[in-house]
């Protein structure tokens, strides 16, 4: 995720511009079939930054504001999803079914083939259960 300085308060002109175009946030969420309750907070700050930048930087006026806003919000969703993927980690000390620790089920080059297959299936079951709980 790229670093962006904190969003400065909008001027009256920028605030009015953001309010006039606020429906664009809902059009974006609808177009990409994103749940408003889940993604509104994800995209709104990038939308406001896009409003500020569009009002302040004349070079952006060569494109439609919708282009600038949609790219900013798309980037916000991408960054959000990427950060969620990074957060998914599994402790090797988590107990699995049968009382084994997750780390104990990882393949051992010295283990026999049957035990490796059993361990692999146990890991698959654990991960699928974990995914359905998320």
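Side notes on the structure shown:
- Some residue of region 81-89 being in the same structural domain as residue 27 (by TED's automatic domain parsing) and either within 13 Å of residue 17 (Cβ to Cβ) or surrounded by 13 or more Cβ atoms within 10 Å (Cβ to Cβ) (or both): no
To keep it simple, each residue is scored yes or no on (1) modelled with pLDDT of 75 or more; (2) in contact with a helix residue (DSSP H, G or I) (Cβ under 7 Å, 6 or more places away or on another chain).
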site	(1), (2)
47	yes, yes
59	yes, no
68	yes, yes
96	no, yes
107	no, yes
119	yes, yes
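The values are calculated or read from the model by the stated rules, or taken from the named source; none is laboratory data. Computed from a predicted structure; not experimentally measured. Using ideal geometry, Cβ is built from the backbone for each residue, glycine included, and neighbour counts are taken over all protein chains shown.
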